[in-house]
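Just below is one structure, and these are the notes that go with it.
The values are calculated or read from the model by the stated rules, or taken from the named source; none is laboratory data. Please read all numbers here as calculations on a predicted model, not as lab measurements. So basically every Cβ, Gly included, is an ideal-geometry build from the backbone, and we count neighbours across all protein chains shown. Surface areas here come from the heavy atoms of the whole protein model, side chains and all, with no ligands, DNA or RNA. Shrake-Rupley method; radii C 1.70, N 1.55, O 1.52, S 1.80 Å.
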Amino acid sequence: MKNFWIRTASATVYALLFIGAMMSGQLTRSSLAGHFILLAFLLFVALGCTFEFYRMMKRQGSRPMEWVGYCLIALTMIAWGVTTAPYNHFNDHVFNYAVTPLMAIGLLGFAVVAIAELWRPSEQPFRDIAYTLLPMAYIMLPLSLMLLLNSMHLLLAVVVWVWVCDCFAYMGGSIVGRHTMWARHSPGKTWEGTAIGVVCCVAVAIITGPLFNQDLEWYNWMIIALICSIFGTLGDLVESMLKRSVGVKDSGTIMPGHGGFLDRFDSLLIITPIVCLYVEFVLPLI
């Protein structure tokens, strides 16, 4: 019972902070203030996720350049946040110009890390280079794209539907789950539970979608919900694969009873880029 209340309190604090950051524009009545409050929250999460990732990689004997990685992530997210801020008149064409700072800092970062590795005594230098830079793609990019989804009033919907899918998948799997989905990476996840989570997520999305954004049709909500439920499950499995590869149960302890930053954001790290691609490139063609 004590563990239940700890988990509940931890989840409540996490939900309030995340939802508060997403809705800070409405709460402060300033889209610009809301944009940078959410950016600050996501930057904190990105650095926390990266810290956990580096700590797990060091268990394998790798030696990533941690502070270089932190600086690259901070600089890139801040540059992205400034170029996508509401006051920027190019904001309607964000993909046409805002990727420039990401590409520039990313390429410069690779050069800096690769050259710096020449002076480090390492038996596998390119492994260290890869692990130093991997959080840029796996962690920083998806979290940065959340700013774009939030400006379209879609981020809160995506987060809520991921939670809905997780809850119903857990309950369904506990009641009728029989066939393990991916025993090698997550023995507790079943096909039955996953199917129940997907169906419930789609149903909830079709019903509640207009509450978040009235410009989209029901089939758009259905597609976005399918992305959230299917790729959210796969994102969870990817992080489980990462943890099992280094022999840890949780990525961290920042959230008592729930694990670390990566444990909470694993699904969203895979979902967010796919939803952004759908909204930016597929949705206009439908």
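Quick rundown of the values:
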| item | result |
| --- | --- |
| Test set (1) in a helix (DSSP H, G or I); (2) open to solvent by less than 20 Å² (accessible area, probe 1.4 Å); (3) hydroxyl-bearing (Ser, Thr, Tyr) - residue 12 fails condition number | (2) |
| Residue count for region 37-62, restricted to those that are assigned to a helix (DSSP H, G or I), farther than 13 Å from residue 262 by Cα and either touching an Asp or Glu at 6+ places or on another chain (Cβ under 7 Å) or at pLDDT below 95 (or both) | 2 |
| Matching residues, region 266-275, being open to solvent by less than 10 Å² (accessible area, probe 1.4 Å) and in contact with a Pro (Cβ under 9 Å, 6 or more places away or on another chain) | 268, 269, 271, 272 |
| Filter pass, residue 137 being surrounded by fewer than 14 Cβ atoms within 10 Å (Cβ to Cβ) and modelled with pLDDT under 90 | no |
| Count of residues meeting criterion [open to solvent by less than 20 Å² (accessible area, probe 1.4 Å) and touching a Cys at 6+ places or on another chain (Cβ under 7 Å)] in region 155-168 | 4 |
| Test for residue 232: is it touching a Leu at 6+ places or on another chain (Cβ under 9 Å), touching a residue at least 60 places away in the same chain (Cβ under 8 Å) and closer than 16 Å to residue 189 by Cα | yes |
| Residue in region 110-133 that is open to solvent by less than 40 Å² (accessible area, probe 1.4 Å) and of a type in the set (Phe, Trp, Tyr) present | no |
| Hits in region 48-82 - residues which are under 18 Å from residue 266 (Cα atoms) and open to solvent by 60 Å² or more (accessible area, probe 1.4 Å) | 51, 55 |
| Every residue from region 169-194 that is open to solvent by less than 50 Å² (accessible area, probe 1.4 Å) and over 21 Å from the mean Cα position of the chain (by Cα) | 172, 173, 177, 181, 190, 192, 193 |
| Residue list for region 239-265, filter: open to solvent by 10 Å² or more (accessible area, probe 1.4 Å) and part of a helix (DSSP H, G or I) | 240, 241, 242, 243, 244, 245, 246, 261, 263, 264 |
| All positions within region 252-268 that are touching an Asp or Glu at 6+ places or on another chain (Cβ under 8 Å) and at pLDDT 85 or above | 260, 261, 262, 263, 266, 267 |
| Residue in region 215-237 that is in contact with a Phe, Trp or Tyr (Cβ under 8 Å, 6 or more places away or on another chain), of a type in the set (A, V, I, L, M, F, W, C), open to solvent by less than 50 Å² (accessible area, probe 1.4 Å) and within 23 Å of residue 60 (Cα to Cα) present | yes |
